[in-house]
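Bear in mind these aren't lab numbers, they're just calculated from the coordinates by the rules spelled out. As the structure is a prediction and not an experimental result, all values here were calculated from the model. Here Cβ is always computed from backbone atoms with ideal geometry, including for glycine, and neighbour counts include all displayed protein chains.
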Amino acid sequence: MNLALWIAAILLAVVALLAGVTKVYLPKQRLAEAPGGEWTADASVGFVRTLGVLELLAAVGLILPAVVGIAPVLVPVTAVCWVLLMVGAIVTHLRYTGFSWFVVLNLIYLALAAFIAWGRLGPEPFAG
């Protein structure tokens, strides 16, 4: 179970890192032209960048607290925050593209985050 939770956290951290870097560093126009990024055309640059920074923080929060052993409770807290972020992403994608593979992908990310939160708050908490 511990190994499965680590694998889920690493996969989700990679997703968060890639999404965060994309939103922080790519121009908004380029994001809006990308499949699944249509919503950015109606969002401010500041909002898109803020989401990117939150995703970068999530990437760090899913791994670093457990690795260094400082406040490892931040791992499941970050996972819960990711669940909330994915709910917003699902609603947004439904509004802009209808039911699409982006919605399915966000549901998978939500499930991974829920699994991490449940596992680290319940059966496999970090010792400490």
field: ARG95, ARG120 arranged by Cβ crowding within 10 Å, fewest neighbours leading
entry: ARG95, ARG120
Dipole of the chain, positive end: most advanced residue of GLY20, GLY122, ILE10 [Cβ charges, Cα centre]: GLY20
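Using the number of other C-beta atoms within 10 angstrom as an exposure proxy, rank TRP6, TRP101 with the fewest first. Before the final figure, lay out the partial values.
Working: TRP6 15, TRP101 11.
With the fewest neighbours first, TRP6, TRP101 line up as TRP101, TRP6.
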- prompt: Sorting PHE126, PHE47, PHE102 on the 10 Å Cβ count, fewest up front, what's the list?
  reply: PHE47, PHE126, PHE102
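What's the Cα-based Rg to Rh of segment 18-128, Rh via Kirkwood?
Working: Rg = 15.2 Å, Rh = 14.8 Å.
Here the Rg-to-Rh quotient is 1.03.
About its Cα centre, how strong a charge dipole does segment 2-121 have in debye, to the nearest 20, once Lys and Arg get +1 and Asp and Glu get -1 at the Cβ? Please list the in-between numbers first.
On the way: 6 positive and 4 negative charges, 22 e Å.
Using only the charged Cβ atoms, the result is roughly 100 debye.
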- prompt: For the chain, what is the relative contact order in percent, using Cα pairs closer than 8 Å and at least 6 residues apart in sequence?
  reply: 29 percent
message: With an 8 Å Cα cut-off and a minimum separation of 6 or more residues, compute the relative contact order for segment 66-113 in percent.
response: 39 percent
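Using a cut-off of 12 Å between beta-carbons, work out the net charge of the residues near TRP6 (Lys and Arg +1, Asp and Glu -1, TRP6 not included). Mind showing how you got there, number by number?
Values: positive: ARG120; negative: GLU124.
My count for the surroundings of TRP6 gives 0.
In deg cm²/dmol, rounded to 500, what helix-only [θ] at 222 nm does the chain give when every DSSP H run of at least 4 residues adds -39500 (n - 2.57) and the total is split over its residues? Present the calculation step by step, with values, prior to reporting the outcome.
Values: 5 runs with 99 residues, N = 128.
Mean residue ellipticity, 222 nm, calculated: -26500 deg cm²/dmol.
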task: Can you figure out the FRET efficiency of ARG30 with ARG95, using R₀ = 22 Å and their beta-carbon distance, to the nearest 0.05?
output: 0.55
